[in-house]
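Take a look at the structure set out below.
The values are calculated or read from the model by the stated rules, or taken from the named source; none is laboratory data. Worth saying up front: this structure is predicted, and the values here are computed from it rather than measured. Here the Cβ positions follow ideal geometry from the backbone for every residue, glycine too, while neighbour counts run over all protein chains shown. What goes into the accessible areas is simple: the full protein's heavy atoms, side chains included, and nothing from ligands, DNA or RNA. Shrake-Rupley method; radii C 1.70, N 1.55, O 1.52, S 1.80 Å.
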Amino acid sequence: GESVGLHLPTLSVQEGDNSIINCAYSNSASDYFIWYKQESGKGPQFIIDIRSNMDKRQGQRVTVLLNKTVKHLSLQIAATQPGDSAVYFCAVPNAGNMLTFGGGTRLMVKP
Amino acid sequence: KAGVTQTPRYLIKTRGQQVTLSCSPISGHRSVSWYQQTPGQGLQFLFEYFSETQRNKGNFPGRFSGRQFSNSRSEMNVSTLELGDSALYLCASSLGMDEQYFGPGTRLTVT
């Protein structure tokens with residue numbers, strides 16, 4: 001089955017710097033990927049997604065890069081702010097709405 | 001538009017008891033999925049209901065069950081609680097096969 005892994009459990013960045021969160025996936029047939037943000041006491045919140053026919057997608061201050069060759073995706077957050085402090089998950093949809101989540105990376109923003 | 005609501009938000013139960021958690025999806029959403037979140041296992045898919053039918057099921061024992069009502073509200077039940085069932089239980093709703101919106105979760109503690 002699908003497994004999704006994250007490279008770093010915790011990432012600490014200075015406010016204003018750029019953040020990069022990485023994720024590896026195992027199923028080369030996966031064609032859709034999602035990034036979620038989970039703040040303390042809340043459920044995961046959709047940030048951005050990307051389909052396998054793209055290698056880059058940009059949102060507001062966020063960019064997702066997909067490298068299908070090495071089955072890796074990354075989330076880049078520009079000018080990281082204190083409000084970006086949260087746990088970030090990559091997720092891969094499988095049958096129906098079943099999501100397989102990565103282990104999560106905790107982003108800590110230092111003022 | 002109101003978001004996904006889950007009740008109760010916090011629950012303490014004793015081993016061997018059973019528990020029922022409730023989820024009200026966003027108005028108009030017909031798909032409800034349930035996830036278990038623990039520090040050790042991360043976010044794991046439990047099951048998904050669409051139009052009162054279970055569409056997908058994760059790899060959890062039969063003690064975990066769910067149902068969906070005609071108004072799309074969903075409940076999940078855990079019987080014969082074990083200490084390892086202590087977790088944050090998250091519900092997510094979607095229109096169909098698209099973006100899922102998560103509720104804040106129910107924090108279950110089994111003592």
Rounded D (µm²/s) - chain B, Kirkwood Rh over Cα pairs, Stokes-Einstein at 37 °C, 0.692 mPa s: 238 µm²/s
Most to least accessible of B:MET97, B:MET76, A:MET108, A:MET98 (protein chains only, probe 1.4 Å): B:MET97, A:MET108, A:MET98, B:MET76
Mean-position separation - Cα centroids, segment A:66-111 and segment B:1-75, in angstrom: 23 Å
Accessible area buried at the B-A interface, both sides summed, 1.4 Å probe (Å², nearest 100): 1300 Å²
Peptide-level mean, for B:101-108, of C-beta atoms on other protein chains within 10 Å: 3
Radius 11 Å from Cβ of B:ARG15, net charge of other residues (Lys, Arg +1; Asp, Glu -1): -1
Kirkwood Rh and Cα Rg combined as Rg over Rh, evaluated for the protein assembly as shown: 0.97
For segment B:21-26, 3J(HN,Hα) per residue [Karplus equation, 6.51 cos²θ - 1.76 cosθ + 1.60, θ = phi - 60°, Hz, x = Gly/Pro]: 10, 10, 9, 10, x, 4
Integer Hz, Karplus 6.51/-1.76/1.60 couplings in order for segment B:38-45, x for Gly and Pro: 10, x, x, 9, x, 8, 10, 6
Protein accessible area in segment B:57-99, 1.4 Å probe - carbon and sulfur %: 51 percent
Nearest-10 value in Å² for the accessible area of B:TYR35, using the 1.4 Å probe: 0 Å²
Of the GluC sites (Glu not before Pro) in segment B:1-93, those whose Cβ has at most 15 other Cβ within 10 Å and which sit in DSSP loop: B:GLU52, B:GLU82
Heavy-atom surface of chain B, accessible at 1.4 Å and reported per residue (Å²): 47 Å²
Candidate residues A:HIS72, B:HIS29: accessible-area rank, largest first, probe 1.4 Å: A:HIS72, B:HIS29
Accessible area of A:VAL87 in the full protein assembly, 1.4 Å probe (Å², nearest 10): 20 Å²
Protein-only accessible surface order, largest first, of A:ASP17, A:ASP49 at 1.4 Å: A:ASP17, A:ASP49
Cα shape, segment A:37-111, gyration tensor, a/c 1.5 rule: oblate
Per-residue average of Cβ from other chains inside 10 Å of A:87-97: 4
Shielding by partners, peptide B:42-50 (average Cβ within 10 angstrom, other chains): 5
